[in-house]
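Only the coordinates and a few stated rules stand behind these numbers; no lab work does. None of the values given here were measured: they were computed from a predicted structure. Glycine also receives a Cβ, built like all others from the backbone with ideal geometry; neighbour counts cover every protein chain displayed.
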Amino acid sequence: MSLTTPAARRDLSFHLHPATNLRTVQKEGPLVITRGEGVYVFDDEGRRYLEGMAGLWCASLGFSERRLADAAFRQMRELPFYHSFAGKVPAISTELAERLVKMAPAGMSRALFANSGSEANDTAIKLVWYINNALGRPQKKKIISRQRAYHGVTVATASLTGLAFAHTDFDLPIARILHTDCPYFYRGAQPGESEEAFAARLAGNLEQLILHEGPDTVAAFFAEPVMGAGGVITPPATYFDRVQPILKKYDILFVVDEVICGFGRTGNMFGSQTYNLQPDIMTLAKALSAGYLPISANLISSRLYEILLAQSDKLGIFGHGYTYSSHPVPAAVALETLRIYDEMDIVGAVRRVGPRMQAGIRSHAAHPLVGDARGVGLIGAIELVRDKSTRESFDPKAGVAAFLVRRAQHHGTILRNMPGDIIAFSPPLIINETEIDEMISCFGKALDDTWAMVREKGLV
Ligand SMILES: Cc1ncc(COP(=O)(O)O)c(C=O)c1O
């Protein structure tokens with residue numbers, strides 16, 4: 001159906017829109033997307049947009065990879081559904097599990113599938129609790145996440161998420177979830193503090209939190225290698241080098257959320273490789289299937305798998321799993337996605353074009369509205385400020401970054417703003433240099449429009 005006017009869109013939009021001001025979308029109507037081609041999507045009036053966010057950080061291969069459609073079609077005809085309960089399994093899912101375990105950083109031993117990043121992180125919480133019960137330490141259950149983290153929106157994962165919008169009026173977070181500092185150098189560092197000193201201070205605070213709570217009550221630490229929805233926050237130098245020994249010292253499991261960083265985004269296959277992380281559990285989603293079908297996975301270490309095995313001896317069953325865990329169709333699409341990554345050398349591709357995007361983002365650093373420009377690989381952000389020298393933010397009600405994103409859309413590029421007037425860039429990994437230049441140039445036009453707006457309204 002083509003909704004040709006905003007009024008028609010408004011009347012015909014029966015969606016309840018996630019992560020949206022419901023009143024605004026009711027009044028203005030949604031942007032209705034009808035098709036995709038390469039890094040571009042098209043709306044119902046035929047307008048073309050460069051998708052600077054790969055949708056929701058996921059459409060790594062863009063919007064028209066025929067091989068993924070063919071893989072899904074073939075699998076639909078061969079075996080459209082089967083499950084992995086009660087000792088059965090679709091053949092294609094075993095292939096995918098093997099592939100993931102073999103490509104993951106050393107030490108991973110088994111894959112458990114689900115349908116979304118939230119479900120994978122939710123499963124990770126359950127595994128952590130189950131494992132500590134299996135080890136006879138039922139009091140070791142608290143989980144430490146970080147302020148500004150984004151790990152999903154189920155009851156438990158929204159609790160891990162360290163952003164107010166995920167908690168307010170949802171009666172969250174639940175008990176036993178704690179939040180430590182966000183490694184946000186631009187906003188968190190003290191005047192004159194180096195990245196290393198900042199990282200050391202945060203690691204010290206983490207250790208204090210663990211000691212305060214009692215190490216025998218703390219089960220796991222969850223972290224994204226680069227924090228995505230919290231504002232594209234790259235860890236300051238030595239941060240994870242300092243955090244990991246603390247986790248080991250107190251026997252705290254490390255769950256690495258690779259939902260955004262996995263599959264090339266940071267310039268290595270996994271964010272864990274970019275920052276030298278040794279996860280006990282990894283969660284994967286999004287680019288696992290290039291976003292074409294819902295699928296996520298938990299990879300677990302051999303040590304944890306041995307504990308699960310022993311617990312099965314005791315309980316007789318591992319009582320977890322979803323109807324669509326191991327669904328063969330998304331598994332086939334994920335396998336084909338991984339084949340394409342191999343053939344095109346996805347990591348090499350990101351390393352080739354990533355610097356162009358990072359330079360483009362930083363080329364705006366001198367603009368009076370730009371407080372910080374940061375990123376790694378093909379993920380980046382620009383943070384807008386009212387006053388560059390004091391880093392003073394705009395009043396959130398002024399909606400300055402939201403305005404910029406609307407203007408970027410007007411100029412033909414879809415970007416996303418996050419709390420704190422941060423604008424994210426996370427294009428499909430197949431983007432080329434010309435397209436990167438186009439995205440950055442659209443951003444530049446939108447930045448100029450925003451500068452004009454804030455001056456006109458007396459916001460600066
Ligand atoms: C790092 C991270 N973890 C988990 C999630 C949740 O994934 P989903 O939306 O598929 O539930 C997201 C979603 O953006 C994410 O960015």
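Would you give the gap between the C-alpha center of region 49-82 and the C-alpha center of region 192-266, rounded to a whole Å? A separation of 33 Å, based on Cα centres.
From the alpha carbon centroid of region 424-460 to that of region 173-188 is 29 Å. For region 174-270, a simple Cβ point-charge model (Lys and Arg +1, Asp and Glu -1, everything else neutral) yields a dipole of about 80 debye relative to the Cα centre.
With the biggest extent put first, the Cα atoms of the chain measure 69, 59, 43 Å across the principal axes. Based on the alpha-carbon gyration tensor of region 193-352 and its eigenvalue square roots a ≥ b ≥ c, which shape applies: rounded if a/c is under 1.5, prolate if not and a/b is larger than b/c, or oblate? Oblate is the answer for region 193-352, as a/c is 1.5 or above yet b/c matches or exceeds a/b. P(r) for region 320-381, from all Cα pairs and a bin width of 10 Å, is 20, 27, 22, 20, 11, 1 %, short bins first.
For region 1-150, the spread of Cα positions along the three principal axes, ordered from largest to smallest, is 61, 41, 29 Å. Taking the helices alone, the chain has a mean residue ellipticity at 222 nm of -13000 deg cm²/dmol, built from -39,500 (n - 2.57) per DSSP H run of at least 4 residues and averaged over all its residues. Between Leu163 and Arg148, the built amide H atoms are under 5 Å apart, and every one of these is 5 or more places off in sequence or on another chain. Summarised in one figure, the compactness ratio Rg/Rh of region 93-205, Cα atoms and Kirkwood Rh, is 1.05.
Translational diffusion of region 157-230, estimated by Stokes-Einstein from the Kirkwood radius over alpha carbon pairs at 37 °C in a medium of 0.692 mPa s, is 235 µm² per second.
With no solvent and one equal point scatterer per Cα, compute the Debye intensity ratio I(q)/I(0) for region 191-232 at 0.23 Å⁻¹ and report its log10, rounded to two decimals. So the normalised log intensities are -0.94.
Only beta bridges with both residues in the chain are counted; by DSSP, about 65 percent of them are antiparallel.
Distance from the Cα centroid of region 95-136 to that of region 321-370 is 21 Å (rounded to whole angstrom). Of the residues Thr34, Thr234, Thr323, the one with the fewest other Cβ atoms within 10 Å heads the list, and the complete ranking is Thr323, Thr34, Thr234. Our summary of shape: the Cα atoms of region 316-444 have principal axis extents of 60, 38, 27 Å, ordered from largest down, in whole angstrom. The orientation-averaged projection of the convex hull spanning the C-alpha atoms of region 208-301 amounts to 6.6 square nanometres.
Converting phi to 3J(HN,Hα) with the Karplus coefficients 6.51, -1.76 and 1.60 and the offset θ = phi - 60°, region 406-415 yields 5, 5, 4, 4, 4, 7, x, 10, 8, 10 Hz in sequence order, with x at every glycine or proline.
Only four residue types carry charge here, +1 at the Cβ of Lys and Arg and -1 at the Cβ of Asp and Glu. Report the dipole size of the chain about the Cα centre in Debye, rounded to the nearest 20. Can you show the working numbers first?
Details: 48 positive and 48 negative charges, 78 e Å.
The dipole of the chain has a size of about 380 debye.
All C-alpha to C-alpha distances of region 367-443, sorted into 5 Å bins beginning at zero, yield P(r) values of 3, 16, 25, 26, 17, 9, 4, 1 percent in whole numbers. Computed from the C-alpha gyration tensor, the three semi-axes of the ellipsoid equivalent to region 165-206 are 28, 13, 5 Å, from longest to shortest.
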